[in-house]
Structures are given as C-alpha cells and as structure tokens.
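Just below is one structure, and these are the notes that go with it.
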Amino acid sequence: AAHSFSGWEIHPLTAWRISTASPSFSLAANPSSLSLLPGQSGSSSITVNSVDSFTGMVSLATTTLSGLNSSGPAPTVAINPSSVVLAAGGTATATLTVGTSSSNTGDYAITITATGNNLTQSLSLSLSIVDFAVSANPTSLTVPISSSRQSTITLSSINGFSGSVGLTAYVRPAGLALSSPSASLSASDLTLSAGGAGTITLTVTASLLTTPGTYDVTLSATTSGVTHSTVVTVNVTIF
C-alpha cells in the first residue's frame, strides 16, 4: 500500500561521540624546585598521570644542566623507580633524589624525561645550591693586658641563602699559656635574608692574668649541619 502522510513525522536519531584524542601521559613534580646547602640532599616526588586512557610502561630518565654561576662537581641525581606502569586513568609516582658536595654552589636545571609507547614528555625542575660566608675585619688584634679589642664579623648570603645562622667563638691557647684571653660575641645568631648580610661584634679581653703571646680565635657559623669558619689572630702584649 502506498504510504501517505500529512503534517510532520518525527523519527528517533542516534548520536555518536567521536574522540580524536590520543592516549598520552603527563608529568608533575612536587616540589618543582629545590634549595639546598652544600653537602645536603633533597628529593621531589614525580607523578606520572594517564591521559585519555593511556596504558603501558613509562621509562624515566634525568639530565642535569649547570648554570653559568655554578661551581664544583655536578650534583648527583637519581630517580627511583626508573620505570612505572600506568593503568587507564591511573597515576604512578617515582622519587627524584639530589645529592650535593661540600664545594657545590649555583643553579642547575634538572630535566626528567618520560618515554612510553613512542611518546615522550619532559619536565624541568630547578635546583639552587645556596650558601653563606663568614669574614672578620680586622683579622688580627693586638690586645694589651687589662684591655679589650674588637673585630667585626660579617655573614653574607650566597646565591639566595636565607635563614638563621648560629655563631660561636673559641680561643686556642698559645703553647702552655696558663690563662688565655676571653672572647665574646654580641649575638649568638644572625638571620640572613636572600642576598643580604649581617654583622656582629667579637670582643677579645686580656685580663691581668692572661699570658702574653699569640692566640687564634676561631669564629664558627653553623646552620642545618653546615659550618663555615674564620680565624682572628690575637697578640696579647704586656703594654
């Protein structure tokens, strides 16, 4: 029979979503930057994320680029594990560990490269090895018996160091001296801002009982297990 109609007819429609995205993965670091003192070590958690249902093994490797202001041997960098397996929509983590030597300073860029299923992603992490310096002015004092003399001790931030630094003074006697001069500091610690400097005063006193002769006063500045020192030579005289 012939099909006839009048007016409008409504027919159901079926829709399909066509995805053009390719499975991949992404990288993230926490923290994304490290600031260490010479001789210290640090770590960052590296997260690998499945994107658009990526599955499979991802290999991880690192390279380190030294900055123009860097000195000393390159820091050691390791990532563990060196490969992870991702499930669709899942995540995996690895630990990046950085070690420095006592002679390291400067800035470094650490690149983490991830490779899997013919895909490569990379992430850069910044490393700053900061430090501080201690100096004395003057570096030698002549102290007559029954008097005192002073030297200015300066702490300076290197490559952005900031924090509190403790200070001590130690007098090394000259030979078999029966009585050494005393050494005192105007403060037992200093707080440095990044790029800044601070001073305290060293006072050396020779009493009537102090044995004349030459002494070394060692000034030690310490923070987070890192110590730097300077020496002030003291000559105690009778007059």
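The values are calculated or read from the model by the stated rules, or taken from the named source; none is laboratory data. Predicted, not measured: the structure shown is a model, and the values here were computed from it. When we count neighbours, we look across all protein chains shown, and the Cβ atoms used for this are built from the backbone with ideal geometry, even at glycine.
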Task: From 74, 109, 94, residue being closer than 15 Å to residue 130 by Cα, among the aliphatic types (A, V, I, L, M), out of contact with any helix residue (DSSP H, G or I) (no Cβ under 7 Å at 6 or more places or on another chain) and part of a strand (DSSP E or B) - done: 109
Task: Residue that is nearest to the chain's Cα centre (by Cα), among those in region 72-89 that are over 26 Å from residue 229 (Cα atoms) and either without any contact (Cβ under 8 Å) to a residue 12 or more places away in the chain or surrounded by 15 or more Cβ atoms within 10 Å (Cβ to Cβ) (or both) - done: 77
Task: Candidates 87, 94, 29, 74, filtered to the one that is out of contact with any Asp or Glu (no Cβ under 9 Å at 6 or more places or on another chain), at pLDDT below 95 and either β-branched (Val, Ile, Thr) or not assigned by TED's automatic domain parsing to the domain that holds residue 226 (or both) - done: 74
- [ ] Mind listing whichever residues of region 191-239 are buried (at least 18 other Cβ atoms within 10 Å of the Cβ) and modelled with pLDDT under 95?
- [x] 210
Open item on the list: Just checking, does region 51-58 include any residue being farther than 25 Å from residue 160 by Cβ, without any contact (Cβ under 8 Å) to a residue 40 or more places away in the chain and part of a strand (DSSP E or B)?
Closed with: yes
Task: Failed condition for residue 211, given (1) closer than 30 Å to residue 33 by Cβ; (2) in a loop (DSSP other than H, G, I, E, B) - done: (1)
TODO: Collect the residues in region 214-236 that are within 13 Å of residue 132 (Cα to Cα) and in a strand (DSSP E or B), keeping them in residue-number order.
DONE: 220, 221, 222, 223, 226, 227, 228, 229, 230
Task: Options 199, 139: the member that is without any contact (Cβ under 8 Å) to a residue 60 or more places away in the chain, at negative phi and hydroxyl-bearing (Ser, Thr, Tyr) - done: 199
Open item on the list: So, in region 183-213, exactly how many residues are of a type in the set (Val, Ile, Thr) and more than 19 Å from residue 135 (Cβ to Cβ)?
Closed with: 3
Task: From the options 102, 59, 53, 26, residue that is surrounded by fewer than 16 Cβ atoms within 10 Å (Cβ to Cβ) and under 14 Å from the mean Cα position of the chain (by Cα) - done: 102
- [ ] Return yes or no: is residue 120 part of a strand (DSSP E or B) and either in contact with a Gly (Cβ under 9 Å, 6 or more places away or on another chain) or in contact (Cβ under 8 Å) with a residue 12 or more places away in the chain (or both)?
- [x] no
Open item on the list: Tally up the residues in region 149-190 that are at pLDDT 95 or above, within 18 Å of residue 209 (Cα to Cα) and surrounded by fewer than 15 Cβ atoms within 10 Å (Cβ to Cβ), please.
Closed with: 1
Task: Unmet criterion (only one of (1) over 30 Å from residue 41 (Cα atoms); (2) in contact (Cβ under 8 Å) with a residue 60 or more places away in the chain; (3) out of contact with any Lys or Arg (no Cβ under 6 Å at 6 or more places or on another chain); (4) among the aliphatic types (A, V, I, L, M)) for residue 204 - done: (3)
Task: Residue among 99, 160 that alone is in contact (Cβ under 8 Å) with a residue 40 or more places away in the chain and assigned by TED's automatic domain parsing to the domain that holds residue 48 - done: 99
